[in-house]
Amino acid sequence: MSSAPGAKTRRKFRLGAVVLGAGRSVRMGRPKLLLPWGKTTVLGHLLEQWTGLGAEQIAVVGAANGRFLKAVLDRLSVPAANRIWNPAPGRGMFSSIQCAARWSGWKDSLTHWAIVLGDQPHLRSETLRRLVNFTASHPQCICLPRQGGHRRHPVFLPERAFLRLGKSTAANLKSFLDHPPVKVSFCDVEDPSLAFDIDRPEDYERAAKMFLAVSPGHFPAG
């Protein structure tokens, strides 16, 4: 990744994705990324989905002591070069995002990064494709969906903002976005699934039903 903000503003849109997976999943009772999802796991699904959306590099952020995640990454053939280990995951999600922003393993060709939550496997590829296209058409901006009057995930950051995020003293991502280093553009999307994430076992069941409604044939879980 270039160290000069703005160095790639004239280059072709090229997307990287950060999949966040360092959370403890206390309320779920087991790691969310390792839950079954269709014929694979939540993590396997997210990797397939973002590859299909055109991400040229996908890196997974995990807890440094996450042996179960390491085993699944091995099983999914995720290269060691695309694994980021957060040494202090107890500091929260923003610490994982900052680990990714500071990481030196990103391809130099990338111009934008999507911050992908590990607890939203139910999001429709059509919705995400719209967000990717919106970001490509607003290359200087931080882009994110707005649904029901609220900003939602995933968040897309151009290189300048991604670099600044790594150095930010903000308490969390919300605070960073409240005082952004570049303009924020909202893509208004009336997809109710954007307002939902998986925290508890009952949420997982509901999310699976949401996904099944738009993607028949993927469930029951294998």
For segment 60-78, name all the residues that are within 20 Å of residue 50 (Cα to Cα), outside any helix (DSSP H, G or I) and under 18 Å from the mean Cα position of the chain (by Cα).
60, 61, 62, 76, 78
Residues of segment 82-94 classified as open to solvent by less than 10 Å² (accessible area, probe 1.4 Å) and under 14 Å from the mean Cα position of the chain (by Cα), total
1
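Mind listing whichever residues of segment 127-140 are in a helix (DSSP H, G or I) and either closer than 19 Å to residue 210 by Cα or not β-branched (Val, Ile, Thr) (or both)?
Selection gives 127, 128, 129, 130, 131, 133, 134, 136, 137.
Residue-by-condition table, conditions (1) open to solvent by 60 Å² or more (accessible area, probe 1.4 Å); (2) under 27 Å from residue 103 (Cα atoms); (3) part of a helix (DSSP H, G or I):
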position: 11; (1), (2), (3): yes, yes, no
position: 18; (1), (2), (3): no, yes, no
position: 25; (1), (2), (3): no, yes, no
position: 28; (1), (2), (3): no, no, no
position: 33; (1), (2), (3): no, yes, yes
position: 45; (1), (2), (3): no, yes, yes
position: 48; (1), (2), (3): yes, yes, yes
Return the total of residues in segment 187-204 being of a type outside the set (Lys, Arg) and open to solvent by 70 Å² or more (accessible area, probe 1.4 Å).
4
Return the pair list, or none, for Cβ contacts closer than 9 Å from residues in segment 138-149 that are closer than 19 Å to residue 179 by Cβ to residues that are modelled with pLDDT under 95 and polar (S, T, N, Q), at least 6 apart or on different chains.
140/9
Could you check segment 160-186 and list, in sequence order, the residues that are among the hydroxyl-bearing types (Ser, Thr, Tyr) and either open to solvent by 30 Å² or more (accessible area, probe 1.4 Å) or modelled with pLDDT under 95 (or both)?
169, 175
Which ones in segment 81-119 are modelled with pLDDT of 95 or more and small (Gly, Ala, Ser)?
81, 95, 96, 100, 101, 104, 105, 109, 114
Quick one: which residue in 107, 70 is of a type in the set (D, E, K, R), more than 22 Å from residue 196 (Cβ to Cβ), surrounded by fewer than 23 Cβ atoms within 10 Å (Cβ to Cβ) and without any contact (Cβ under 8 Å) to a residue 60 or more places away in the chain?
70
Residues of segment 97-126 that turn out to be within 21 Å of residue 41 (Cα to Cα), part of a helix (DSSP H, G or I) and polar (S, T, N, Q), as a count:
1
Can you spot a residue in segment 118-138 that is among the charged types (D, E, K, R) and surrounded by 18 or more Cβ atoms within 10 Å (Cβ to Cβ)?
yes
Counting only residues that are out of contact with any Ser or Thr (no Cβ under 6 Å at 6 or more places or on another chain) and either in contact (Cβ under 8 Å) with a residue 60 or more places away in the chain or part of a loop (DSSP other than H, G, I, E, B) (or both), how many does segment 168-188 have?
11
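The values are calculated or read from the model by the stated rules, or taken from the named source; none is laboratory data. Just so you know, these numbers come straight off a predicted model, no measurement behind them. With ideal geometry, Cβ positions are generated from the backbone for all residues, glycine too; neighbour counts draw on all protein chains shown. Areas reflect the complete protein model, heavy atoms only, side chains present, ligands, DNA and RNA absent. Shrake-Rupley method; radii C 1.70, N 1.55, O 1.52, S 1.80 Å.
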